[in-house]
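The values are calculated or read from the model by the stated rules, or taken from the named source; none is laboratory data. All values reported here derive from a predicted model rather than from experimental measurement. So basically every Cβ, Gly included, is an ideal-geometry build from the backbone, and we count neighbours across all protein chains shown. All accessible areas refer to the heavy atoms of the entire protein, side chains included, with ligands and DNA or RNA removed. Shrake-Rupley method; radii C 1.70, N 1.55, O 1.52, S 1.80 Å.
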Amino acid sequence: MQTRVVMLVDMDYFFAQCEELRNPVIRVKPVVVCVFSGRSEDSGAVSTSNYVARSYGVKSGMPIYLAKKKLENIDATFLPVDEKYYEEVSAKVMSILRKYADFFEQAGIDEAFLDVTQKTSGQFQEATELASKMKNELNTQLKLTCSIGIGPNKLVAKIAADERKPDGLTLIEPEQVQEFLSPMNVSRLLGVGIRTREKMQCLGINTVGELARYDTQRLNEVFGRTMGTYFHRAALGVDDEPVEERSEIESFSRISTLKQDSRDLNFIMETAERLCSEIHDTIVNEKTNFKTIGVIAIFKDLSPHTRSKTLESPTDSLEVLKKNTKKLFEKLFTETEDEARRVGVRVSNLSKEQKGQKQLTSFIQKRSE
Ligand code: TTP
Ligand code: MG
């Protein structure tokens, strides 16, 4: 297999940088973006802060009162999160980044993986040039900075991006991976939280290098085969996960055969509504929203016919799903002549982070363990 060239682009202090963008005078001061819980004036947690605030010890996940204490007698700006605005900035960022990739995967509101193997003919030095160009464009077009990690896979690229911030660019070529990862604490690996780290400590494993050398059989016994294998490979810097567009591959769909062949909308909607409800159960379970709705009708001659619609904004509403499914089938049967034998419904363009404060708070809790 050809060596891949993978980048991770992570925007610097993203929410706070967005705030600086629309009000540049605050740039020189500590800027703290907060999720206010509303219970009392200062209850809630810090979402993120600019690097000026960080130099005073402010951190993501910290209680707001503590951040205020760290910034006592200092002219600092505390602002509530405005996720809708950050989403808008994020969309502009992503459309610039996307142009530089052979394969593109948005990994969060402010980060994305880019597979640039073809664009760089597999040359890591060319990837550094490409990354500089990208940084430049983000700077001139949007006045935003980011940190970029380049490596042979997503795992290494991600850790490399964390290495130098803000406005960093870190290249780790395949032959440097071992040396780069070995001295790091195991907590730098994705999936190693506080508890796993403690368990590893008990086994005498502190660094990634120690984890890489540890007996794999024993790792499997302690963490289970799946995690054990993952930890071993991760410690060696091995990761085969492809960079892939998520919204396109992720979808939920149901299809069903009609009791009799038909092109009668009401009759078809009886089945389609059931399919919508089943899909809706799944999306509620997955705590996800969808933006695109698609329908399919397979005709008597087995030819498939599809129609789809993308909404203005993501939703998890069953009513919206049913209404649009009906409109799409109506369109489909107006534009065709035959009877359908099977019908299906699909939702795609899924997103998990569109619901504002509630999810943001749980995100913080998760992130700060
Ligand atoms: P991060 O990229 O982790 O953090 P950041 O962009 O603020 O800072 P860095 O320069 O270190 O990359 O997260 C992206 C956004 O997600 C961040 O701007 C705000 C939000 N977030 C939270 O709401 N809570 C958290 O605990 C973290 C870490 C981030
Ligand atoms: Mg960031």
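According to the square roots a ≥ b ≥ c of the eigenvalues of the Cα gyration tensor, what is the shape class of the range 104-227, taking rounded for a/c under 1.5, prolate for a/b larger than b/c otherwise, and oblate for the remainder? In terms of gyration-tensor shape, prolate. The shape of the range 172-241 can be summarised by an equivalent ellipsoid whose semi-axes, obtained from the alpha carbon gyration tensor, come to 19, 13, 11 Å from longest to shortest. Projecting the Cα positions of Pro63, Asn206, Thr288 onto the charge dipole of the chain (unit charges on Cβ atoms of Lys, Arg, Asp and Glu, taken about the Cα centre) puts Pro63 furthest along the positive direction.
Please work out the Cα center distance from the range 61-127 to the range 250-294, rounded to the nearest Å. If we compute the Cα centre of each part, the gap is 35 Å. For the pair Leu302 and Glu273, a Förster radius of 41 Å applied to the C-beta separation gives a FRET efficiency near 0.95, rounded to the nearest 0.05.
Using a Förster distance of 41 angstrom, determine the FRET efficiency expected from the C-beta separation of Gln2 and Lys29, and round it to 0.05. Numbers along the way, then the final one.
On the way: r = 48 Å, r/R0 = 1.18.
Using R0 = 41 Å, I get an efficiency of 0.25.
Bridgeable lysines around Lys291 (alpha carbons under 25 Å apart, same-chain partners fewer than 8 residues away excluded): Lys84, Lys92, Lys99, Lys309, Lys322, Lys323, Lys326, Lys327, Lys331, Lys352, Lys355, Lys358. Look at the dipole of the chain built from charges on Cβ: of Leu169, Leu79, Val192, the Cα furthest out on the positive end belongs to Leu79.
About its Cα centre, the range 242-344 has a charge dipole of approximately 180 debye under the convention of +1 per Lys or Arg Cβ and -1 per Asp or Glu Cβ, with nothing else charged. In a Gaussian network model over the chain where Cα atoms closer than 10 Å are linked, find which of Asp75, Asp167, Asp110 has the largest mean-square fluctuation. The residue with the greatest mean-square fluctuation here is Asp75. Look at the dipole of the range 12-147 built from charges on Cβ: of Asn139, Ser95, Phe36, the Cα furthest out on the positive end belongs to Phe36.
Given their separation in residues at 0.36 nm each and the Cα-Cα distance between them, Leu79 and Asp264 gain 61.1 nm when the chain is fully extended.
Solvent-accessible surface of the chain, taken per residue with a 1.4 Å probe and all protein chains present: 53 Å². Length gained on full extension, Arg39 to Val284: 85.4 nm, using 0.36 nm per residue less the C-alpha separation.
Assign unit charges at the C-beta atoms only (+1 for Lys and Arg, -1 for Asp and Glu), then state the dipole size of the range 186-290 relative to its Cα centre in Debye, rounded to the nearest 20.
Dipole of the range 186-290, to the nearest 20 debye: 620 debye.
Residues Asp240, Asp338, Asp264, ordered by accessible area of protein heavy atoms at a 1.4 angstrom probe radius and largest first, appear as Asp240, Asp264, Asp338. Taken about its Cα centre, the chain carries a charge dipole of about 740 debye when Lys and Arg each add +1 at the Cβ and Asp and Glu each add -1 at the Cβ. Oblate is the label for the range 213-260, because the ratio a/c of its alpha-carbon gyration tensor axes (a ≥ b ≥ c) is 1.5 or higher and a/b is not greater than b/c.
With a Förster radius of 51 Å applied to the beta-carbon distance between Lys69 and Glu330, the computed FRET efficiency rounds to 0.25.
Counting only protein heavy atoms and a probe of 1.4 Å, the accessible surface of the chain is 47% carbon and sulfur. Here the chain is treated as a Stokes sphere of Kirkwood radius computed over C-alpha pairs; at 10 °C and 1.306 mPa s its diffusion coefficient rounds to 68 µm²/s.
The local environment of Pro30, defined by Cβ-Cβ distances under 14 Å, has a net charge of +3 under the rule Lys, Arg +1 and Asp, Glu -1. Here's how it looks for Ala340: its modeled amide H is under 5 Å from those of Ser262, Arg263, which are all 5 or more places away or on a different chain.
Return a whole-number percent for the relative contact order of the chain, with Cα pairs under 8 Å and 6 or more residues apart as the contact set.
That works out to 15 percent.
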